[in-house]
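To start, the structure under review is shown below, and the notes come after it.
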Amino acid sequence: RNYDPAHGATMRFGTGSWAIDGALACVIKSYLCVRQGDPELKWLPRVWPNIKAQMELLYNKFDDGTGVIRIAQQNTYDSAMFGANTFIGSYWVTGLKAAAA
């Protein structure tokens with residue numbers, strides 16, 4: 001995915017809209033890449049600034065301080081979900097754990 005500092009991870013090669021599940025999937029996939037293919041941590045320093053910025057953007061935009069995302073959550077199903085839900089909620093918790101690791 002492309003990373004835009006103003007909007008985070010973008011969809012469709014930077015030409016389409018933005019989706020929270022896709023943005024969090026980028027964080028989770030980066031974690032998996034480091035765990036599985038970067039044991040000497042050579043790749044991580046190059047991507048960490050974008051991962052950190054992505055998580056900060058998501059936290060500031062979506063988290064109301066409770067750890068649960070409740071506002072509209074545009075996703076890759078081309079619709080928005082509202083309120084606490086396990087679909088986006090599980091991505092959020094997994095993304096937080098991946099970034100903290």
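Structure above, values below:
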quantity: Extension gain from residue 87 to residue 46, taking 0.36 nm per residue of separation minus the Cα-Cα distance; calculated: 11.8 nm
quantity: Total formal charge among the other residues, if their Cβ is under 14 angstrom from that of residue 70, Lys/Arg +1 and Asp/Glu -1; calculated: -1
quantity: Residue 94 versus residue 61: modelled label distance in nm, points set 7 Å from Cα along the beta carbon direction; calculated: 2.0
quantity: Cα-based Rg / Dmax (Å) for the chain; calculated: 13.4, 41
quantity: The range 19-62 - convex hull of alpha carbons, volume per residue in Å³; calculated: 58
quantity: 5 Å-binned pair-distance histogram of the range 43-101 (Cα, whole percent); calculated: 4, 17, 26, 25, 16, 8, 3, 0
quantity: Karplus (6.51, -1.76, 1.60) ³J(HN,Hα), θ = phi - 60°, over the range 69-75, in Hz, Gly and Pro reported as x; calculated: 8, 10, 6, 3, 10, 5, 9
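Laboratory data are not the source of any read-out in this text; all were calculated from the coordinates shown. Because the structure is a prediction, the values reported are computed rather than measured. All Cβ positions, even for glycine, are placed from backbone atoms using ideal geometry, and neighbour counts span all protein chains on display.
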